[in-house]
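The block underneath contains the structure these notes are about, expressed in structure tokens.
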Amino acid sequence: SSAAYEHILISTPKPGVGLITLNRPKALNALSSPLFKELNDALTKYDEDEAIGAIVITGNGKAFAAGADIKEMAPLTFSAAYSNNFIAPWSHLANSVRKPVIAAVAGYALGGGCELALMCDVIYCTASATFGQPEIKLGVVPGAGGSQRLTRAVGKSKAMELILTGKNFSGREAGEWGVAAKVVEGDHQALLGEAIATAETIAGYSRVAVVAAKEVVNKSQELSLREGVEYERRLFHGLFGSEDQKIGMKAFAEKRKPEWTNK
Ligand code: HXC
């Protein structure tokens, strides 16, 4: 339950929208292992909750997240990192959450914070947000997929430059480069409003179709074009077995709004 969380806040700002607010403001939302445990727990609960159609993850005006918790990592040894599979729990979001997740990024999204945003399905940010992979400055490299996802998002040359220099990039640049789907000129509240509105739109569609849409787009990141198109077609065929396909197409013909059963 929400009361059990120490490092995050959860709420339902609109019907169908599950909001997770990272809440370690004094540490700029540094992503400690205890925080991530709570994040994964909240994500799992929203994913399983039939009333929820889309999830938003945000921070505050100063920070989305300023990275993995450096103070936790500093004394870590290779053997402890390896045997405990440090950072592996972070894969839950990218590998197991089936409902769409929107990152609403204001302030710092550095290191693991940038990687967390990149693991989300859609990024919205403020123009003044600060993204970056500064791990090189700490004697390490991105460890939660940043070298792979940022490279897919911006191309090799730009990703190399960013990861090798550790220099930051702005929310405005994130928008220009296609890292972010939307750049909001206002503050964190304005940004969050936009992210929640989009989540509400998604939550208004058939749950079955939404999960399928996320799945097919994600396949484009893993498969060859031919395999991906074939995968898409199979899933498209499969949706003719859903009630919501009949409901959606019938409603169109009858010029009325569909009432989804999510079946
Ligand atoms: C732990 C952090 C932190 C972090 C900030 N804090 N970032 N603690 N881990 N990643 C803490 C500070 O120690 C400080 O605590 C408090 O938050 C406020 O931070 P300040 O530095 O005082 O704020 P400011 O001067 O405004 O500078 C903001 C900042 C700076 C530029 C974002 O905090 C910064 O450079 N942070 C580290 C960014 C970073 O290197 N991230 C990548 C981490 S490596 P006190 O107690 O002093 O008040 C990483 C690896 C990922 O993420 C790979 C695996 C996932």
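The table that follows gives values for the structure above.
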| item | result |
| --- | --- |
| Residue match in segment 204-217 (condition: in contact with a Gly (Cβ under 8 Å, 6 or more places away or on another chain) and among the basic types (Lys, Arg)) | yes |
| The one condition in (1) touching a helix residue (DSSP H, G or I) at 6+ places or on another chain (Cβ under 8 Å); (2) over 14 Å from residue 122 (Cα atoms); (3) not hydrophobic (A, V, I, L, M, F, W, C) that residue 83 fails to fulfil | (1) |
| Residue in segment 76-95 that is nearest to residue 206 (Cα to Cα), counting only those that are away from the ligand (no atom under 13 Å from the Cβ) and open to solvent by 60 Å² or more (accessible area, probe 1.4 Å) | 95 |
| Check on residue 214, at pLDDT 95 or above, under 21 Å from residue 46 (Cβ atoms) and not in a loop (DSSP other than H, G, I, E, B) | yes |
| First in segment 181-200 and open to solvent by 50 Å² or more (accessible area, probe 1.4 Å), second anywhere and among the aliphatic types (A, V, I, L, M), Cβ under 8 Å, 6 or more apart | 181/122; 181/123; 185/127; 187/106; 194/104; 194/184; 200/17; 200/54 |
| Identity of the residue in segment 22-52, open to solvent by less than 30 Å² (accessible area, probe 1.4 Å) and outside any helix (DSSP H, G or I), that ends up nearest to residue 202 (Cα to Cα) | 52 |
| Close pairs (6 angstrom Cβ cut-off, 6 or more residues apart or separate chains): touching a residue at least 40 places away in the same chain (Cβ under 8 Å) in segment 129-150, within 7 Å of the ligand (Cβ to nearest atom) and in a helix (DSSP H, G or I) anywhere | 144/90; 144/112; 144/115; 145/115 |
| Some residue of segment 169-178 being at pLDDT 95 or above and open to solvent by 70 Å² or more (accessible area, probe 1.4 Å) | yes |
| All strands (runs of 3 or more DSSP E) inside segment 104-167 with 2 or more residues being closer than 18 Å to residue 92 by Cβ and open to solvent by less than 70 Å² (accessible area, probe 1.4 Å) | none |
| Subset of segment 1-41 [of a type in the set (S, T, N, Q) and either more than 11 Å from the ligand (Cβ to nearest atom) or modelled with pLDDT under 95 (or both)] | 1, 2, 11, 12, 21, 23, 40 |
| Selection count where residues are assigned to a helix (DSSP H, G or I) and of a type outside the set (S, T, N, Q), scope segment 174-211 | 21 |
| Residue ID - farthest from residue 103 (Cα to Cα), chosen from residues in segment 192-209 that are within 15 Å of the chain's Cα centre (by Cα) and among the aliphatic types (A, V, I, L, M) | 202 |
| Filter result (within 11 Å of the ligand (Cβ to nearest atom) and surrounded by fewer than 19 Cβ atoms within 10 Å (Cβ to Cβ)) within segment 60-75 | 62, 70, 71, 72, 74 |
| Condition check for residue 86: assigned to a loop (DSSP other than H, G, I, E, B) and aromatic (Phe, Trp, Tyr) | yes |
| Qualifying positions in segment 114-140 - within 21 Å of residue 75 (Cβ to Cβ) and within 8 Å of the ligand (Cβ to nearest atom) | 134, 135, 137, 138, 140 |
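The values are calculated or read from the model by the stated rules, or taken from the named source; none is laboratory data. Predicted, not measured: the structure shown is a model, and the values here were computed from it. Backbone-built Cβ (ideal geometry, glycine too); neighbour counts: all protein chains shown. Surface areas here come from the heavy atoms of the whole protein model, side chains and all, with no ligands, DNA or RNA. Shrake-Rupley method; radii C 1.70, N 1.55, O 1.52, S 1.80 Å.
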